[in-house]
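The next block holds one structure in the form of structure tokens; read it before the comments.
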Amino acid sequence: MLRMAVGHANCLDAGCAIRGAVESCRRGLGGVEPAGLLLFAGVSYDHDVILQAVAAAFPGVPLVGGTSSGELSSAGGVTDDSVLLIAFGGEGIACTAGVARDYAGPGADVSAQAAAAVAALRPGFDRSPGLCLVFPDGGRGGVQDFCQSLTRELGEGCLVFGGTPGRHLADRRPVRQFFGREVLIHAAPFLLFSGPIPLAMRLSRGWRPLGGLARVTGVDGNVVSRIGERSALDFYRHYLGPHAEPAVELPLAVACEKHKDFILRAPAFFSEGDGSIQFPAGVPEGAMVQLAEANRTDMLADIKTMAKGLAGEVAAGAAGDQPAGVLLFSCSTRKDILGTKAVEEIDALAEALPAGTPLAGFYCHGEIAPSAPGLPLHLQNGSLVALLLGGEVPAASLSSAPADLPCPAGETEALERANRSLTRALSRATESRERLEAQKDRSQALMRVINDEINTARLEIQRKNELLRQALALAEEVQRNLLPQAAPGLPGFDIAGTSLYSDETGGDYYDFIHAPNEQPDRFGIIIGDVTGHGIAAALLMTTARAFLRMRSFQPGSLASVIDDVNKLLCADLADSGRFMTLFYLAIDVEKKRLHWVRAGHDPIILYDAATGLANDIPDKGGPPLGIVTEARYAENSAAGLIPGQVALLATDGLWEARNAKGEMFGKDRVRELLGRHSDLTAADIVTAVLEGLREFLGDDQPEDDVTLVAIKVLPE
């Protein structure tokens, strides 16, 4: 099983620091010989001295790593200039190291370089690796392509993680990579693991995109020339000011539509001449981007979410019986933003994981990991990647304190080192303060522009809302004018109707037709309900009204009218999922007999004053209009009406209305109201039913359109 040990020493003397780190690793492994090593150190150290000391202490053990922008561990906290050695060992664990030298140079094929580096290892590595930790130089670009090529070469069973070596921004010494006893430049060293190592990972950000979205319209390699209609530099300066420089504290958030996520891309070099900006991780042409900003609160909240996720992985057994340790690859920008609170990231993870779990890693210029488990590998910026390794924690490592060894330097030398350390710490503090002040200025400029954009957008939204309001008001006026404007004045009958729309416009409809189908002794009443409400339903209702009116003034039976209108609507509504229910009633004025066709609509309700009952009139119904082209509808009829009877046609928005308790208004209430107010005029009956609905709903409004027509038979 895997064991992981951490040696973290911050002495400025290379020999002294690595001596303490080596002894801490020996103690942490609890007597187990290391199978592989990771080394991270500040650029100011004599790296040859460090590597020679490691080779002498652990001869023949594969080692990779690089310079860092800082180191972090549960043993030594967060440091700016220290030596961090991480040792791996355990029964069944084997490691081997590979390297691509001078990779990603001009004209280089990084995929071929990755393939060659893996091929060189195969003869001496007889087991399939399950984990690859890679630390490529990020200065030339090509990191993501190289690491994705490694993934393909090593196979799906091998996960690839890591980070690009770094340095403090103010330190101009070159970034270095470590491979065995060699100190390299422009290289990509990697360490392969085989053996039983359960894995789990999480990624933390805490950044939020802000400002307007824009499309990247010009890319050459990892250089972005244009974003939207501006140069890339002017895109930044639009928000930060006319002379501002792009800063890593304000990366681009590159939208990923497929996974509903974003990836951060930090700017590096820029050109005043053509306004281009280099993004070492690369930004694809056509991508939608925004600026992104982070603050301490959001970052620390997100790290707690990450810690909970890792704790859940441990509880679920993703790390086997217990975790051997956690490797951390964190963006150097996070450390600058968090400042003195950077150590809280370590504390949050340590608190969530089993006691004594070693945590260690380095601050890099790019993190190599998927955005979440199961997603493709990417070069990240601005993130913290936590890789949980399953195995065992020997009792010797439960103490997180570094090895307490006597310093071989004399008192004078020790004081000089302490003085140099304090001087460097003061310089770093000054640099940090200057960066924070610059970031504060950038943030203020950014907020001013974004506030202006928000105000401009708000005014534009108000203007468009007013235009929309006017358009809806006009649509409502037009639709209202399509409904009957007065009672029909039919001899022997009192008829009234109304429609209440839940939006400005709706899908309900009623109409009065004099002498339908060239039959002067008849009077037609139509009520219909289009699926949904609002503009779309109103447009369909208007179309249906036109079809019905056109066909109603031509010869034929009621059934043939509905047959023909259904065919027209089916042609218009094919594959739309919409339809219309309809009740077409024709009254024989002389005989007071009813004729009707029902297409998916609720039956007519008839109240008889003689019996005091209100019931549905049974009939042969048909399907709603607009669904079945070849549907054939049947005409129904009923005996003559007598004075005092009241018929009610309505849409289902009336009885299906629900109050705040979720109760439905229901047909029984409609029947009761119809009987109680049957002695009133038709208009007053409609008003009474609607008033009953309003009392039932209270302060709530109907969620659907409501339409009803009352037909009262008058005395002879």
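Here are the numbers:
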| item | result |
| --- | --- |
| Radius of gyration and maximum dimension Dmax of the stretch 261-339, Cα, Å | 17.8, 59 |
| Degrees between helix 110-119 axis and first principal axis of the chain (Cα, 0 to 90, nearest 10) | 60 degrees |
| Base-10 log of normalised Debye intensity for the chain (one unit scatterer per alpha-carbon) at q = 0.05, 0.07, 0.08, 0.10 Å⁻¹ | -0.46, -0.66, -0.73, -0.88 |
| Asp602 - accessible surface, heavy atoms, 1.4 Å probe, Å² rounded to 10 | 50 Å² |
| For His168, residues with placed amide H under 5 Å, excluding near neighbours | Val43 |
| Candidate residues Lys464, Lys620, Lys661: accessible-area rank, largest first, probe 1.4 Å | Lys661, Lys620, Lys464 |
| Mean separation of Cα contacts under 8 Å, 6 or more apart, over the residue count of the stretch 542-619: relative contact order % | 19 percent |
| Rg(Cα) / (2.2 N^0.38 Å) computed for the stretch 650-691, rounded to two decimals | 1.19 |
| Length-normalised contact order of the chain in % [C-alpha pairs under 8 Å, at least 6 apart] | 11 percent |
| Accessible area of the stretch 124-230 divided out per residue, in Å², using a probe of 1.4 angstrom | 41 Å² |
| Whole-Å distance, taken between Cα centres, linking the stretch 70-85 and the stretch 228-295 | 31 Å |
| Cα gyration tensor category, rounded, prolate or oblate, for the stretch 273-315 with a/c compared to 1.5 | prolate |
| Whole-angstrom gap from the stretch 1-69 to the stretch 353-378, using each part's C-alpha centre | 20 Å |
| Between 0 and 90°, nearest 10: helix 411-482 axis offset from the chain longest Cα axis | 10 degrees |
| Accessible area (Å², 1.4 Å probe, nearest 10) - Phe179 | 40 Å² |
| Neighbour cut-off at most 15 other Cβ (10 Å), DSSP loop, trypsin sites (Lys or Arg not before Pro), the stretch 551-614 | Lys591 |
| Accessible area of the chain belonging to carbon and sulfur atoms, whole % at 1.4 Å probe | 53 percent |
| J(HN,Hα) series, the stretch 65-78, from Karplus relation 6.51 cos²θ - 1.76 cosθ + 1.60, nearest Hz, glycine and proline x | x, x, 6, 9, 8, x, 10, 9, 6, 6, 7, x, x, 10 |
| Reference-scaled alpha-carbon Rg (2.2 N^0.38 Å with N residues) for the stretch 1-118 | 1.14 |
| Projected area averaged over orientations for the stretch 176-269, convex hull of C-alpha atoms, nm² | 10.0 nm² |
| Derived scalar couplings ³J(HN,Hα) [the stretch 55-62; Karplus, 6.51 cos²θ - 1.76 cosθ + 1.60; whole Hz; x for Gly, Pro] | 5, 5, 6, 10, x, x, 7, x |
| Pair-distance profile P(r), taking every C-alpha pair of the stretch 468-623, with 10 angstrom steps and integer % | 10, 37, 37, 14, 2, 0 |
| Probe 1.4 Å, protein heavy atoms only - accessible area per residue of the stretch 1-63 in square angstrom | 33 Å² |
| Residue-count net charge about Pro165 - beta-carbon cut-off 10 Å; Lys, Arg +1, Asp, Glu -1 | +1 |
| Per-residue SASA entry for Asp704, accessible area with 1.4 Å probe, Å² rounded to 10 | 50 Å² |
| Distance histogram in 5 Å bins (all Cα pairs of the stretch 602-716, percent per bin) | 2, 11, 20, 20, 17, 14, 10, 6, 2, 0 |
| Dimensions in Å of the stretch 227-302 - Rg and Dmax from alpha carbons | 13.0, 41 |
| Nonlocal amide H pairs with Thr707, under 5 Å, H built at 1.01 Å | Leu500, Thr651, Gly653, Leu654 |
| Exposure rank, largest accessible area first [Glu477, Glu229; 1.4 Å] | Glu229, Glu477 |
| Helix-only mean residue ellipticity at 222 nm for the chain, each DSSP H run of n ≥ 4 adding -39500 (n - 2.57), per residue, nearest 500 | -10500 deg cm²/dmol |
| Tilt relative to the chain, helix 343-352 - C-alpha long axis, 0 to 90 degrees, to 10 | 70 degrees |
| The stretch 644-667 and the stretch 567-639: distance between their alpha carbon centers, rounded to Å | 18 Å |
| DSSP-defined beta bridges in the chain - what % are antiparallel, rounded to 5 | 90 percent |
| Length-normalised contact order for the stretch 486-541 - Cα pairs under 8 Å, 6+ apart - percent | 33 percent |
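The values are calculated or read from the model by the stated rules, or taken from the named source; none is laboratory data. Fair warning: this is a prediction, and the values are worked out from it, not measured in the lab. Note: ideal-geometry Cβ built from the backbone for every residue, glycine included; neighbour counts use all protein chains shown. The accessibility values were calculated without ligands, DNA or RNA, using every heavy atom of the protein model including side chains. Shrake-Rupley method; radii C 1.70, N 1.55, O 1.52, S 1.80 Å.
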